[in-house]
């Protein structure tokens, strides 16, 4: 009986996926900082709310294979930071996006803005 149980557990373990991906990353008021040179990939959507801050420092990269919704708070890109969104990006009233420095904010879908967007670098919207 015990041997069959161990075999069943091992077989079940082999069926688990190698990677588990989140479908939604929610920043609920925290300060999330990608330090210089960091690379973060989100396989799903990102939502920033409750006055949360998402800060990309110089030479950091954030790749999002989904949509980004900034309900409140801010997204700050400094230096040569790159933020690539394969879906749509929405900036709600009261939210801000500050694309400072020489880096790029790339949105491959649509970009809807009811908040405040400042830009010193490059903002690309539409398919690559």
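The values are calculated or read from the model by the stated rules, or taken from the named source; none is laboratory data. All figures in this text were calculated on a predicted structure; none of them were measured in a lab. Note that we place each Cβ from the backbone using ideal geometry, even for glycine, and neighbour counts take in every protein chain shown.
The residues listed here are 25, 54, 62; of these, the one that is under 25 Å from residue 128 (Cα atoms), in a strand (DSSP E or B), at pLDDT below 95 and within 11 Å of the chain's Cα centre (by Cα) is 25. Applying the set (1) under 18 Å from residue 29 (Cα atoms); (2) in a loop (DSSP other than H, G, I, E, B) to residue 76 leaves exactly one unmet item: (2). In this structure, is residue 103 more than 16 Å from residue 126 (Cβ to Cβ) and surrounded by fewer than 17 Cβ atoms within 10 Å (Cβ to Cβ)? Answer is no for this residue. Anything in the range 79-102 that is within 14 Å of the chain's Cα centre (by Cα) and assigned to a loop (DSSP other than H, G, I, E, B)? List them, or say none. Residues satisfying the conditions are 81, 86, 87, 88.
Please pick out the residue among 118, 86, 69 that is in contact with a strand residue (DSSP E or B) (Cβ under 8 Å, 6 or more places away or on another chain), surrounded by 15 or more Cβ atoms within 10 Å (Cβ to Cβ) and free of Cβ contacts under 8 Å to residues at least 24 places away in the same chain.
Details: 118 fails: surrounded by 15 or more Cβ atoms within 10 Å (Cβ to Cβ); 69 fails: free of Cβ contacts under 8 Å to residues at least 24 places away in the same chain.
Only one candidate passes the filter, namely 86.
Filtered by the rule that a residue be within 15 Å of residue 117 (Cα to Cα) and either in contact with a helix residue (DSSP H, G or I) (Cβ under 8 Å, 6 or more places away or on another chain) or surrounded by 19 or more Cβ atoms within 10 Å (Cβ to Cβ) (or both), the range 49-66 gives a lone residue, 54. Only a single criterion out of (1) surrounded by fewer than 17 Cβ atoms within 10 Å (Cβ to Cβ); (2) not in a loop (DSSP other than H, G, I, E, B) is not satisfied by residue 37, namely (2).
Residues that are modelled with pLDDT under 95, out of contact with any helix residue (DSSP H, G or I) (no Cβ under 8 Å at 6 or more places or on another chain) and at positive phi do not occur anywhere in the range 5-18.
Looking at the range 103-119 only, could you name the residues that are over 12 Å from residue 83 (Cα atoms), outside any strand (DSSP E or B) and either at pLDDT below 95 or within 18 Å of the chain's Cα centre (by Cα) (or both)?
Within the range 103-119, 109, 110 qualify.
Checking each residue in the range 72-83 for being surrounded by fewer than 20 Cβ atoms within 10 Å (Cβ to Cβ) and either out of contact with any strand residue (DSSP E or B) (no Cβ under 6 Å at 6 or more places or on another chain) or modelled with pLDDT under 95 (or both) picks out 79, 80.
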